[in-house]
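Participant: Can you keep this structure in mind? I'll have questions shortly.
The values are calculated or read from the model by the stated rules, or taken from the named source; none is laboratory data. Here the structure is a predicted model, which is why all the values come from computation and not from measurement. Every residue, glycine among them, receives a Cβ derived from its backbone with ideal geometry; neighbour counts consider all protein chains shown.
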């Protein structure tokens, strides 16, 4: 088992102002899961001397090197050439790869450009990793106890090649012990509030790797990792999850790939209930999050974006008197918007949101970040929450969407418990 | 003038699965603008040997090294210590920094923890760069023709330190020639359509660096760069911009930091006109883009998210007959939604959108990605567009928002021209 590895991304565009090497995030996770630490990573352009120097240095720091990019057909693509030069090996044209490339072009009714033939050149002694998603194959080379993996830079191709061809090679000695991860997601609490809640279990699990992370406005994540085989790690992670779930309580809404809108959607589907919205300061953001979920039309009937006061009266059933007496940003208006949405769309629940997202519009009594959320339901008095949120316009709006979805979730959970 | 530089980000979290070194994007732009190429960049954890090896290698590749991170108060923060060891220099406690640190803590009514005193240690001979946004100062070291800059990893602190302290040092020889950038933004055309349009001017400007980039669903960007002083580059970029604007035509909506929703908002403000929406497949996304702009309440009165067919009838004034005869995804329904939005909100224009975002709901006649957009206005027959968009649900929805904003923009431009 290789204990340490490094990652090298090749491409001058990665040294500019717009592009980052995101491939390394995927590779780090995959390598960690089979017990291989990533000790460093680097990006380099297509300069020949720079490329050779990076290869030599990377392999002096760790015996496994994963290189992405620079396998294309242009003059600037010379990862293979540099590796061949570094190892003192030749490049050989592979007739089988060449035929496959030509076939690819023929299928699209075109002749392969001569320049693409270069992609059929193989470093002597390399294992060719067939790329079913693109033209450039990957390569695996072993030399004096070191392993060099060459992968295309296109993420979609790189991921398939790594999973299908590289992982089996790296794990051929058996099921490896590695680092496995789990993420638990918490809504509506700040980082320090979550820290407070989990302190006792955190202390009890000192030997495990736990990180608390502010992931998005209104969402905090707990990141766990455990070493071992997938099965061993799973046992540890399950125990951690159980303890932290108990400590955090109902604000913990999901894990790993689950989203808050997905969780709310599933609860609505399961209960057969429907919702409608009346949004002011969020201007459609809550609706757009709900409708990110395929099939959301089964439980989300619609919403009104009532940005202007007149629209609040006309389309959310808010009375002009309430507006005049309490102002647009008030509990009363939020409650009337919620009731209006429920009545107008004929849903089980209606949610109303009004607030001051900023940068203008604040006052000493109602500073920027003041938001009123209300939920109107048939069976009871409904819910109301007043928030005073930190941050800029975008942050206030995003935090509010999480709080709104959480209000719907709270209602559904309580309703389910009561049944 | 230093011709070449490299960037090193220190922190074990940068080798994991979630965090990328985004500081390097800012640094690359700043360095390029004063004529300093970035030839490589790397990330390393807090292992002592790894850190020393990275410093030595980086300085062997370029005489200027910018290091970010590892200046905090914990045991894992040892960038300064490693640089001192690498240069064979000592660390000296700086009483002035120490007093400033203590003062910072006192102001918050707290005693400085003993561990923070470490942040007052300075590598012998280093220039201290005061950090007005945080606790850890930056440092600048010169040694045998090489320059090492140490900056905190927090972007907000790092940027201020670089701009205020490092740039003046690097440019002390005079106004330097460097690489300056400009971005032009195009909506509603694919990458290859833009390529086709600009080919003649592209050929005429072969000596300049021009890149065409698919930036977001529905948006293509042209990236230009030019060498010289800021003034020299500006002349070149202005000429490039004029030629490419002429070649692309009206689909070119803005440059650099301008957004499509911002441009549409400004046109609406200037004309004193108002809009309202009726959205189906985009489920509030168009409204949320319009309302990202502060002050949008002046021209965006509201919208209806009519996800269910019943809602299209009740809140967008679509007739049940039209729905029955043409189906929810049709030109007729889009036009009735647009007219309904305009009538209900009393705006100058109403925009209606209906489509199939997927993954379900497609048919041979109306495949997933089919979208109808319509704009209803008082002064004429309005507009309609049928799109068949590629990609998944998220892509179709995002592309549609750009097409919708572009439809409003097209109307406003034509109206302005007619006046």
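Participant: Which of the residues spanning the range B:328-338 are surrounded by fewer than 21 Cβ atoms within 10 Å (Cβ to Cβ) and either modelled with pLDDT under 95 or part of a helix (DSSP H, G or I) (or both)? Before the answer, list the steps.
Facilitator: To start, the set of residues in the range B:328-338 that are surrounded by fewer than 21 Cβ atoms within 10 Å (Cβ to Cβ) comprises B:330-332.
B:331, B:332, listed by residue number.
Participant: For the subset of the range B:1-18 comprising residues that are assigned to a helix (DSSP H, G or I) and in contact (Cβ under 8 Å) with a residue 24 or more places away in the chain, which member is surrounded by the fewest Cβ atoms within 10 Å (Cβ to Cβ)? Walk me through how you get there before you give the answer.
Facilitator: Initially, the range B:1-18 is screened for residues assigned to a helix (DSSP H, G or I), giving B:12-15.
Add one more test, that the residue is in contact (Cβ under 8 Å) with a residue 24 or more places away in the chain, and what stays is B:12, B:14-15.
Working: B:12: 18, B:14: 24, B:15: 22.
Among residues in the range B:1-18 that are assigned to a helix (DSSP H, G or I) and in contact (Cβ under 8 Å) with a residue 24 or more places away in the chain, the one surrounded by the fewest Cβ atoms within 10 Å (Cβ to Cβ) is B:12.
Participant: Any chance the range A:283-291 includes a residue that's surrounded by fewer than 24 Cβ atoms within 10 Å (Cβ to Cβ), out of contact with any strand residue (DSSP E or B) (no Cβ under 8 Å at 6 or more places or on another chain) and in contact (Cβ under 8 Å) with a residue 12 or more places away in the chain? Before the answer, list the steps.
Facilitator: Let us first name the residues in the range A:283-291 that are surrounded by fewer than 24 Cβ atoms within 10 Å (Cβ to Cβ), namely none.
No, the range A:283-291 contains no residue that is surrounded by fewer than 24 Cβ atoms within 10 Å (Cβ to Cβ), out of contact with any strand residue (DSSP E or B) (no Cβ under 8 Å at 6 or more places or on another chain) and in contact (Cβ under 8 Å) with a residue 12 or more places away in the chain.
Participant: Separate question: Read through the list (1) closer than 14 Å to residue B:33 by Cβ; (2) out of contact with any strand residue (DSSP E or B) (no Cβ under 8 Å at 6 or more places or on another chain); (3) buried (at least 17 other Cβ atoms within 10 Å of the Cβ), then give the number of the only condition that residue B:226 fails.
Facilitator: (2) is the only condition that residue B:226 fails.
Participant: Would you mind stating whether residue A:58 is surrounded by 21 or more Cβ atoms within 10 Å (Cβ to Cβ) and within 12 Å of chain B (Cβ to nearest Cβ)?
Facilitator: Values: surrounded by 21 or more Cβ atoms within 10 Å (Cβ to Cβ): yes; within 12 Å of chain B (Cβ to nearest Cβ): yes.
Yes; evaluated as a whole, the condition is true for this residue.
Participant: Is it fair to say residue A:122 is assigned by TED's automatic domain parsing to the domain that holds residue A:68, in contact with a helix residue (DSSP H, G or I) (Cβ under 9 Å, 6 or more places away or on another chain), in a strand (DSSP E or B) and in contact (Cβ under 8 Å) with a residue 12 or more places away in the chain?
Facilitator: On the way: assigned by TED's automatic domain parsing to the domain that holds residue A:68: yes; in contact with a helix residue (DSSP H, G or I) (Cβ under 9 Å, 6 or more places away or on another chain): yes; in a strand (DSSP E or B): yes; in contact (Cβ under 8 Å) with a residue 12 or more places away in the chain: yes.
Spelling it out, residue A:122 is indeed assigned by TED's automatic domain parsing to the domain that holds residue A:68, in contact with a helix residue (DSSP H, G or I) (Cβ under 9 Å, 6 or more places away or on another chain), in a strand (DSSP E or B) and in contact (Cβ under 8 Å) with a residue 12 or more places away in the chain.
Participant: Report whether or not residue A:214 is outside the structural domain of residue A:36 (by TED's automatic domain parsing) and at pLDDT 85 or above.
Facilitator: Working: outside the structural domain of residue A:36 (by TED's automatic domain parsing): yes; at pLDDT 85 or above: no.
Judged against the criteria, residue A:214 is not a match.
Participant: Here's another thing I want to ask about it. Restricted to the range A:36-49, and to residues that are farther than 17 Å from residue B:21 by Cβ and not in a loop (DSSP other than H, G, I, E, B), which residue is nearest to the chain's Cα centre (by Cα)? Walk me through how you get there before you give the answer.
Facilitator: Applying the first criterion (farther than 17 Å from residue B:21 by Cβ) to the range A:36-49 yields A:36-37, A:46-49.
In the following step, the residues that additionally are not in a loop (DSSP other than H, G, I, E, B) were identified as A:37, A:48-49.
Values: A:37: 22, A:48: 35, A:49: 36 Å.
Among those residues, the one meeting the criterion is A:37.
Participant: Also, quick follow-up: Under 6 Å between Cβ atoms, at least 6 apart or on separate chains: pull out the pairs that start in the range B:62-85 with a residue that is without any contact (Cβ under 8 Å) to a residue 40 or more places away in the chain and end on any residue that is not in a loop (DSSP other than H, G, I, E, B).
Facilitator: B:82/B:51; B:82/B:52
Participant: Is it the case, given these coordinates, that residue B:186 is over 30 Å from residue A:279 (Cα atoms) and either in the same structural domain as residue B:31 (by TED's automatic domain parsing) or surrounded by fewer than 21 Cβ atoms within 10 Å (Cβ to Cβ) (or both)? Give the steps one after another, and end with the answer.
Facilitator: On the way: over 30 Å from residue A:279 (Cα atoms): yes; either in the same structural domain as residue B:31 (by TED's automatic domain parsing) or surrounded by fewer than 21 Cβ atoms within 10 Å (Cβ to Cβ) (or both): no.
The answer is no for residue B:186.
Participant: For residue B:203, only one of the following conditions fails: (1) assigned to a helix (DSSP H, G or I); (2) crowded, with 18+ Cβ neighbours inside 10 Å; (3) not assigned by TED's automatic domain parsing to the domain that holds residue B:414. What is its number?
Facilitator: For residue B:203, the failing item is (2).
Participant: In the list B:101, B:71, B:52, which residue meets the criterion of being modelled with pLDDT under 95, in a helix (DSSP H, G or I) and out of contact with any strand residue (DSSP E or B) (no Cβ under 6 Å at 6 or more places or on another chain)? Spell out how you get there, then give the answer.
Facilitator: On the way: B:71 fails: in a helix (DSSP H, G or I); B:52 fails: modelled with pLDDT under 95.
Exactly one residue qualifies, and that residue is B:101.
Participant: Name the single residue, out of those in the range A:309-327 being without any contact (Cβ under 8 Å) to a residue 12 or more places away in the chain and away from chain B (no Cβ under 14 Å), that is nearest to residue A:282 (Cα to Cα).
Facilitator: Going residue by residue through the range A:309-327, those that are without any contact (Cβ under 8 Å) to a residue 12 or more places away in the chain are A:310-311, A:313-314, A:320-321, A:324-326.
Subsequent filtering for residues that are away from chain B (no Cβ under 14 Å) retains A:320-321, A:324-326.
On the way: A:320: 21, A:321: 23, A:324: 22, A:325: 23, A:326: 20 Å.
The selected residue is A:326.
Participant: Additional query: Restricting the range B:283-306 to residues that are farther than 19 Å from residue A:314 by Cα and assigned to a loop (DSSP other than H, G, I, E, B), which is farthest from the other protein chains (Cβ to nearest Cβ)?
Facilitator: Going through the qualifying residues, I end up with B:293.
Participant: To continue, here is another question. Got a sec? Which of B:38, B:44 is over 30 Å from residue A:224 (Cβ atoms), crowded, with 24+ Cβ neighbours inside 10 Å and within 9 Å of chain A (Cβ to nearest Cβ)?
Facilitator: Numbers: B:44 fails: over 30 Å from residue A:224 (Cβ atoms).
It is B:38.
Participant: Please go through (1) at pLDDT 85 or above; (2) touching a helix residue (DSSP H, G or I) at 6+ places or on another chain (Cβ under 7 Å); (3) within 15 Å of residue A:244 (Cα to Cα) for residue A:208 and return the number of the only condition it doesn't satisfy.
Facilitator: Evaluating residue A:208 over (1) at pLDDT 85 or above; (2) touching a helix residue (DSSP H, G or I) at 6+ places or on another chain (Cβ under 7 Å); (3) within 15 Å of residue A:244 (Cα to Cα) leaves (1) as the failure.
Participant: Tally the residues that are assigned to a helix (DSSP H, G or I) and either at the interface with chain B (Cβ under 7 Å from one of its Cβ atoms) or at positive phi (or both), restricting the search to the range A:19-35. Don't jump to the end; show me each part of the working.
Facilitator: Our first condition is that a residue be assigned to a helix (DSSP H, G or I); within the range A:19-35, this holds for A:23-33.
Keeping just the survivors that are either at the interface with chain B (Cβ under 7 Å from one of its Cβ atoms) or at positive phi (or both) gives A:25, A:28-29.
Within the range A:19-35, residues that are assigned to a helix (DSSP H, G or I) and either at the interface with chain B (Cβ under 7 Å from one of its Cβ atoms) or at positive phi (or both) number 3.
Participant: Those residues that are on the phi < 0 side of the Ramachandran plot and not in a helix (DSSP H, G or I), I need them from the range B:381-403; list them, please.
Facilitator: Filtering the range B:381-403 for residues on the phi < 0 side of the Ramachandran plot gives B:381, B:383-390, B:392-403.
Residues satisfying the conditions are B:381, B:383, B:384, B:385, B:386, B:387, B:388, B:389, B:390, B:392.
Table: residues versus (1) under 19 Å from the mean Cα position of the chain (by Cα); (2) within 14 Å of chain B (Cβ to nearest Cβ).
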site: A:169; (1), (2): no, no
site: A:178; (1), (2): no, yes
site: A:181; (1), (2): yes, yes
site: A:202; (1), (2): no, no
site: A:205; (1), (2): no, no
site: A:212; (1), (2): yes, yes
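Participant: Could you list, in sequence order, the residues of the range B:104-116 that are free of Cβ contacts under 8 Å to residues at least 40 places away in the same chain and in a helix (DSSP H, G or I)? Talk me through it step by step, then tell me what you get.
Facilitator: First, the residues of the range B:104-116 that are free of Cβ contacts under 8 Å to residues at least 40 places away in the same chain: B:104-112, B:114.
Selection gives B:104, B:105, B:106, B:107, B:114.
Participant: Hey, can you tell me all the residues within the range A:154-180 that are crowded, with 16+ Cβ neighbours inside 10 Å, farther than 19 Å from residue A:63 by Cβ and in contact with a helix residue (DSSP H, G or I) (Cβ under 7 Å, 6 or more places away or on another chain)?
Facilitator: A:158, A:159, A:180
Participant: On to the next question. Name the residue, out of A:377, A:353, A:368, that is touching a residue at least 24 places away in the same chain (Cβ under 8 Å), in contact with a helix residue (DSSP H, G or I) (Cβ under 9 Å, 6 or more places away or on another chain) and over 21 Å from residue A:308 (Cα atoms).
Facilitator: Details: A:353 fails: over 21 Å from residue A:308 (Cα atoms); A:368 fails: over 21 Å from residue A:308 (Cα atoms).
The match here is A:377.
Participant: Right, next: Take the range A:330-345 and flag every residue that is within 14 Å of chain B (Cβ to nearest Cβ) and either under 21 Å from residue A:409 (Cβ atoms) or free of Cβ contacts under 8 Å to residues at least 60 places away in the same chain (or both).
Facilitator: Pass one, the range A:330-345, residues within 14 Å of chain B (Cβ to nearest Cβ): A:337, A:340-345.
Within the range A:330-345, A:337, A:341, A:342, A:343, A:345 meet the criteria.
Participant: Still on this structure: Which one of these does residue A:391 not meet: (1) free of Cβ contacts under 8 Å to residues at least 40 places away in the same chain; (2) closer than 20 Å to residue B:294 by Cβ; (3) more than 12 Å from every other protein chain (Cβ to nearest Cβ)?
Facilitator: Single failed check for residue A:391: (1).
Participant: Residues of the range B:358-384 being closer than 17 Å to residue B:395 by Cα and surrounded by fewer than 21 Cβ atoms within 10 Å (Cβ to Cβ), which ones?
Facilitator: First, pick out the residues of the range B:358-384 that are closer than 17 Å to residue B:395 by Cα: B:358-362, B:367-373.
B:359, B:360, B:361, B:362, B:367, B:368 - these are the residues of the range B:358-384 that are closer than 17 Å to residue B:395 by Cα and surrounded by fewer than 21 Cβ atoms within 10 Å (Cβ to Cβ).
Participant: Which of (1) outside any strand (DSSP E or B); (2) at negative phi is the odd one out, the single condition residue A:351 does not satisfy?
Facilitator: Checking residue A:351 against (1) outside any strand (DSSP E or B); (2) at negative phi, the one that fails is (1).
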